[in-house]
Each structure stands twice: as structure tokens, then as C-alpha cells.
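Read the structure below first, then the notes.
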Amino acid sequence: MKEKFADIIVDISHEKVDRAFQYRIPDKLAEELEIGMCVQVPFGKGNKLIKGYVVGLSEVCNYDPQKIKEIRALVQKGVGVEDRQMALAAWIRKNYGGTLIQALKTVLPVKQTVKGKEYKTVVLKAGREEAIALLGESKRMKGRAARVRLLEELLQEEELPYDLVTGKLMVSPAVIQGLARTGVVKVESTDIYRNPVKKMDSKDEKMKLSPQQESIVTQICGEYDAGMRKTYLLHGVTGSGKTEVYIRLIEEVVKRGKQAIVLIPEIALTYQTLKRFYKHFGERVSVLNSTLSQGEKYDQCQRAKQGEIDVIIGPRSALFTPFPNLGLIVMDEEHEGSYKSENTPKYHAREVAVTLAERTGSVLVLGSATPSLEAYYRAQNGEYGIFKMKERVAGGTLPTVYTEDLREELKQGNRTIFSRRLQELLADRLEKGQQSMLFINRRGLAGFVSCRACGEVIKCPHCDVSLSEHRGGRLICHYCGYERAMVSKCPSCGSKYVSGFKAGTQQIEEKLLQMYPGIRVLRMDADTTKNKGSYEKILEAFGNGEADVLVGTQMIVKGHDFPNVTLVGVLAADMSLSVGDYRAAERTFQLITQAAGRAGRGEQPGEVVIQTYQPEHYAIIHAANQDYEAFYEEELAYRDLMQYPPVVHMMAVQVYAAVEEEGLRVAKELAKEAEKLGKNNQGFPLQIIGPAPAGIGKINDIYRFVFYVKHPAYELLVETKDCLEAYLHARDTRRLNIQFDFNPINGL
């Protein structure tokens, strides 16, 4: 029998062993050993037996066979939480590239010494008579005042918090220890977990679901109980009650002894989401996100492992919560780009969630009013189950939408950032005591230049992308390097009103205060949400009616529910259309539809004003009509024509180098290697595009190059990645940083 070897990771917390080690697989384990299994191996000079995890299998020995040690045994404890996470890390490494340790540190929290939190008390152990005698003796002696204070209090209350004793009573630890040595008192301590969730109102409300909601829950639970494990897409218009479905599904899996992960795209959504879930699950729900301290994060993982919580809420990293009995994963607003990691490994939470659900026997529910093309495409192809919720549960109707052409506004003398209709509706809401939200679409505004008279975008003559405005009055193409002077007149209509879009949230706030004296404005953007708890404070203040208008960037349009908001203004709706990215139309449609969905969620009907220079664009038209299916059909036709995801898969190979010539040379070599692999492939060949300088060719003196590889089979792109990694491994590329990005969300 041919010898087999296993790559084993032993301890990710120790920097010196931050890699995998190769071990020989004994014949008795050759057939049953799999990636992710826990094994016992001899390690170091003393061959101390320690636990390790299998992360790779091979028939090739990479070291001197005489020095290779043998695996001693398989740890027969079933697949535990940590074992499962190790296997998931290996899967992420395989499917997204990067190093094994990068994948492990993504999935497993790095082991740090986090001091546990204790609750200590001082307890009277001596009998009452003995304590009274000691108190009398202490009063007669000099320098015993602290002992007297403590004994007097303990005779009234036999157990006191340690902090109260050392704080308010001013009794030193030395005095306490002295009494403890004589057996008069005892210091008792219990471990307590840091809980980032403050106590909220927990009414344990029993929800009354609509017939449609009830039907969805019944079908999913019925299939779950029948042993079917599927991914479901919940396509529901804004306000259709997707969250209520999530809550009921979680209640059902908790009844079955299981736990649930709820993923949300933004930390800004945590507070409002947590509030709703806390009403039903109380202290059995917690959160995990980057605003928590190391101690809080550690404690939430420990609570999850020990079954002290049933539900965890958080962004994509919460997917790796170590629940031992996971039964349900919910991914709300699944279309959001924040579910894709921009750091290596560049995984997508949706794909990892599908794999995690399969491996844990869980159900995955994806929810969105504007599903990603990838999710909807798979639902249409039968890979996912799909439920459509087309009506708002409160009986309210979708808002009335007005599309305002800013070119016409300028022609009629309106040079403000608000259209006349939006100005009138804002005044109307102020008079009625109703609230408004103003959303500015800031994505892709870096130096973007257009004509305010006709909407013409100043583009590169050699690339289908907009030129970017740079200091010194230069317009530059970030793709081919073309440069020209800043234009003074529009090349299309001759208008002199050509400029970059300058409005930001601060300018909008100032304009509102100027136009509507006495108006109360809250602003929510990167500047106002820097501090811990700032999201919650702003949202709670707006929800409590402490402001008339909430002005913000994308973070205000995602999932928030304010019943008194009856007007939403979408400023610069089309700005994201001019980004040189094949997803630009999809992003624009999603943002406008989501923003419009914030209006009229209570008893009062809502209105939405979309301000745009391109009212004829299909993304704007379909968003105004709230017609997802029409947008999907039109956008998918373009993706099919241009061979972009989800019709085919795409891998971006990104090369970063301090020396420009070296970066370009290696990028060309890798593209050539990929081309060779493509020629050997039978059937549909690999498509290679590039290499070329990245959109921003240099950042911090590092040159950036990229090429793309396309193919309908994802597995073939993974094989190509493996071959390119092997090619790099055989060469000295330490001065370079090469990254792989599968189905990239943002262009490089």
C-alpha cells in the first residue's frame, strides 16, 4: 500500500508553530482519516502527545521520510465544535486561497489569555456568638477600625459583595485575608460572563403571523422534521414581515434543542434587531461584532459553547460562533456587499453559510427585498427553495414614488440640492409632525465629474469608465492612465455647469437648517458613528421622535423600521451607476429600492422622491416601480451577454509589488500560466482578461495589477488557483503579495 501523509495544525496561538506539520498516516487509519478530524500526534523533541487537526492529505512526502513522525491515534470524541471549525477553515482555504493560518484565524478566534470575570463575596463563617465576641475584642484594640466595620456589617448581612467591602467600607484585602486565615470569614467567587447586551424590555410577545407567514414557517419546519436540509430564499418586499418569520423559525428550532445564528450586514442594525429578538428570547440572545472588547467576545463564544445562549446576532464574523447544536442560520439582507470579506481569505458569508449548514445539518434562510442576482439565479434554477412575500403585513401599501429629473430642475432655475417636490414634501411633513429620511448615495463619488445640464459623464475615450478629478485640475483614467485637463464646458451640450458632485451629509444638514428654521436634524455617517454605542444613540433618538429628519449614507437605508417616517428623499440616486463595475446597476437598484422601503411602514402612507440625472436608466425605472423581477430579467440578459457572474464564475488574481516592473512581469507570467491551463481544458475554455494596472494603480507606493479568469465551473477556477499557487511556491515571490478573489464584489 502506498504511504499517505497528513498535514496537521497543532496550535494556532503560538507564533513559532503558526503552520501545518506533516505526519505519516498509519495503515490502520489510512481509510478513515479525513480533513477536519482530531488526532493525537507526538510533537517537539520530547515527542509530547498533543492534539492536532488534519487540514490536508497527500501521497507526497515533503520532507526527509526518516524524520517524519507518525500519527498515534484518532481522538474518538465525534466531531466537536472546534473540529468542525477546523474543517471549515480548510474548506475556506481551498476555495478562496490565502494561507492556511489566515483561514484558521478567520474561523477560530486567536487564543488569547483573556482574564475571566469573577463575582466575589465575603461570607461570615464563624458562629454569631463567636463573631460578636471578636467584634467586642476588636473594638477594645487600637488599629482595628476596618475589622470592626466589616464584622458589624456581616452581623447584619452574612454575605457582602467584595467590591462593596473594599470600596464603600474601605476594608483592605489584607484585613479580609487575615480574618479568612482564622476561619471567621471566607471569600467566595463565581465566574461570570461579560454580557454586552443590556437588559431590555422582554414581554415574550406571542406573534400573530399572517396566513402567508404561517405557511412559510409550516413548510420549512415540516421539511426540517422530515430530514430535509435546504437553503431557502425569502424574497419579501420591504415591510412584508421577514423578521417575524425569522423569529418564529428560531422559536421552532430552539424547541427542538437547537441554536441559531442571525447575520446582519451592518453593525448599525444590531441595536434595532437585538431589541426585536430580545422581546422573544430575553437573555438567551446575544451579539458578536467588532465593537465588543476581547473579553466580551471571548465570553460570548464560551456562552455559546456551553449552551447558555440560543441566538447570536452579528455581521459575517458571527457565522463562526461555536454553537454545538446549530440548527438554523438566517442571513438578512443577503444581497449586501459587506457579507464579502475584503481581507484574505476573501470569502463570501453566503457560500460559507451554505457549507456550514450542510456540515451541521442546519437550515439556511436568506432574506431580502432585493436579492443578489446570484441568490435569485440559484433559486430560479432550483438550487434554493424560494418564497415570495409581495404585501406589507401591516396592511400598508408600498410608497408612492416620484422620479425627479435634476436636468429639468436646473433648466427651471433650481440650483439647490433639493428638487422642488422634495422641498414641498419636507415642509408638509414638518407641518404634520411626521418624520423624513434623506439618503445620499455616496458610493463611487471619488472625483466623479458630470454635467448638471444634460447629465453627461466625462469618460475616458479608451475605457468605458468615468475620469476621476485630481488635484491640479487634471482628469485621469484609473484603468489606462489617460489624462486631460479639467473641462470647462460639457462636450455634449456645451453647458458651463460641469463639476464634481460635492454634497455630503454635513452640507445637507446645513442646508436643511438654513431652509427650515427650527428643524431638528440627526446625521448618521462615518464621522458621527465613530464611537462605541453611537449607532444606538442616533437610532434610538430618531425612533423616539427627537428629530424631524435623519440624514445619512447607506447605513440608514438598511433594515431600519421607523413607523413615523412617511417621506424618503434619495439624493444623487444615479451616482453609483457611473462606477466602472459590472455590478453598478444592481447596487443602484438595491440601494434605491431599500431606501424607498423605509417610507410608510406605519399607519400613514409613504412617499419617496428619487433625484437623478438619468431617469431613463433601467435600474432607476425598475427601482421606482419596486419591480425586482423586471430588473432581474434585464440585468441578467446583460450579464449573460458579457459573461459575468452569476452566469459564469470569475476569479480576480491581484498582484501587489513595490517595484512596478516586477509586479507587471509576475502578473503576465501568471496570466500566461493560467492560459496554458485553459488550453488543456476540454469543453468551455478559460477566459483570461488582462493583466492590467488596477483601477487605482498605486497605493502607499505599492503597485497593483490584476487579471481575471472566467469559467462556468467554479471548481475549475479553484484548480487554476491551486496551480498558480504551486507555480508561485516554486519561485521566490516573497517581495510580492498575490491574492485571489472569487466572484469579486468590488473591482480592484
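The values are calculated or read from the model by the stated rules, or taken from the named source; none is laboratory data. Owing to the predicted nature of the structure, the values given are computational and were not obtained by experimental measurement. Ideal geometry is used to build each Cβ from the backbone, glycine not excepted, and the neighbour counts take in all protein chains shown.
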Index of the failed condition, GLU31 passing every other in (1) surrounded by 12 or more Cβ atoms within 10 Å (Cβ to Cβ); (2) closer than 28 Å to THR360 by Cβ: (1)
Being out of contact with any helix residue (DSSP H, G or I) (no Cβ under 6 Å at 6 or more places or on another chain), in a helix (DSSP H, G or I) and at pLDDT 85 or above narrows ALA174, ALA146 down to just ALA174
With a cut-off of at least 2 residues that are at pLDDT 90 or above and of a type in the set (S, T, N, Q), name the helices (runs of 4 or more DSSP H) lying wholly within the stretch 177-287. 211-225
Would you check if GLU536 is modelled with pLDDT under 90, assigned by TED's automatic domain parsing to the domain that holds GLY569, acidic (Asp, Glu) and touching a Lys or Arg at 6+ places or on another chain (Cβ under 8 Å)? no
In the list TYR613, TYR628, TYR644, TYR618, which residue meets the criterion of being aromatic (Phe, Trp, Tyr), outside the structural domain of LEU373 (by TED's automatic domain parsing) and in contact with a Leu (Cβ under 7 Å, 6 or more places away or on another chain)? TYR613
Conditions (1) assigned to a loop (DSSP other than H, G, I, E, B); (2) free of Cβ contacts under 8 Å to residues at least 60 places away in the same chain -> PRO324 fails only (2)
Any residue that is outside any strand (DSSP E or B), touching a Cys at 6+ places or on another chain (Cβ under 9 Å) and among the β-branched types (Val, Ile, Thr) - is there at least one of those in the stretch 340-347? no
Can you say whether GLU3 is out of contact with any Gly (no Cβ under 6 Å at 6 or more places or on another chain), modelled with pLDDT under 85 and not in a strand (DSSP E or B), as far as the supplied structure shows? no
Step by step: first the residues of the stretch 697-730, then only those that are β-branched (Val, Ile, Thr) and touching a strand residue (DSSP E or B) at 6+ places or on another chain (Cβ under 7 Å), then the one that is nearest to TRP91 (Cα to Cα). Which residue is that? THR720
Of the conditions (1) surrounded by fewer than 24 Cβ atoms within 10 Å (Cβ to Cβ); (2) in contact with a strand residue (DSSP E or B) (Cβ under 8 Å, 6 or more places away or on another chain); (3) under 17 Å from ALA90 (Cβ atoms), TYR347 fails just one. Which one is it? (1)
Residues of the stretch 708-748 being out of contact with any Lys or Arg (no Cβ under 7 Å at 6 or more places or on another chain) and over 19 Å from LEU677 (Cα atoms), in sequence order, are ASP732, THR733, ARG734, ARG735, LEU736, ASN737, ASN743, PRO744, ASN746, GLY747
Within the stretch 694-717, of all residues that are in a helix (DSSP H, G or I) and buried (at least 18 other Cβ atoms within 10 Å of the Cβ), the one nearest to the chain's Cα centre (by Cα) is LEU717
Specify the residue that is modelled with the lowest pLDDT; the eligible residues are those in the stretch 455-508 that are more than 18 Å from ARG415 (Cβ to Cβ), part of a strand (DSSP E or B) and aliphatic (A, V, I, L, M). ILE476
Of all residues in the stretch 323-339, which are buried (at least 22 other Cβ atoms within 10 Å of the Cβ) and closer than 11 Å to ALA349 by Cβ? ILE329, MET331, GLU334, GLU336, TYR339
How many residues of the stretch 415-435 are farther than 21 Å from ARG523 by Cα and at pLDDT below 90? The answer is 1
I need the full set of residues from the stretch 657-676 which are buried (at least 19 other Cβ atoms within 10 Å of the Cβ) and either more than 30 Å from GLU469 (Cα to Cα) or of a type in the set (Ser, Thr, Tyr) (or both), in order please. VAL666, LEU670, ALA671, ALA674
The stretch 294-313 residues that are assigned by TED's automatic domain parsing to the domain that holds TYR278 and closer than 14 Å to LYS117 by Cα, paired with ones that are assigned to a strand (DSSP E or B) and at pLDDT below 90 (beta carbon under 6 Å, 6 or more apart): GLN300/SER286
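Out of all the residues in the stretch 629-642, is one or more in a loop (DSSP other than H, G, I, E, B) and either over 29 Å from the mean Cα position of the chain (by Cα) or more than 25 Å from ARG407 (Cβ to Cβ) (or both)?
Among the residues of the stretch 629-642, not one is in a loop (DSSP other than H, G, I, E, B) and either over 29 Å from the mean Cα position of the chain (by Cα) or more than 25 Å from ARG407 (Cβ to Cβ) (or both), which makes the answer no.
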Looking only at residues in the stretch 75-89 that are modelled with pLDDT under 85 and of a type in the set (A, V, I, L, M), which one is farthest from PRO322 (Cα to Cα)? VAL75
Restricting the search to the stretch 25-50, which residues are modelled with pLDDT of 90 or more and in a loop (DSSP other than H, G, I, E, B)? ILE25, PRO26
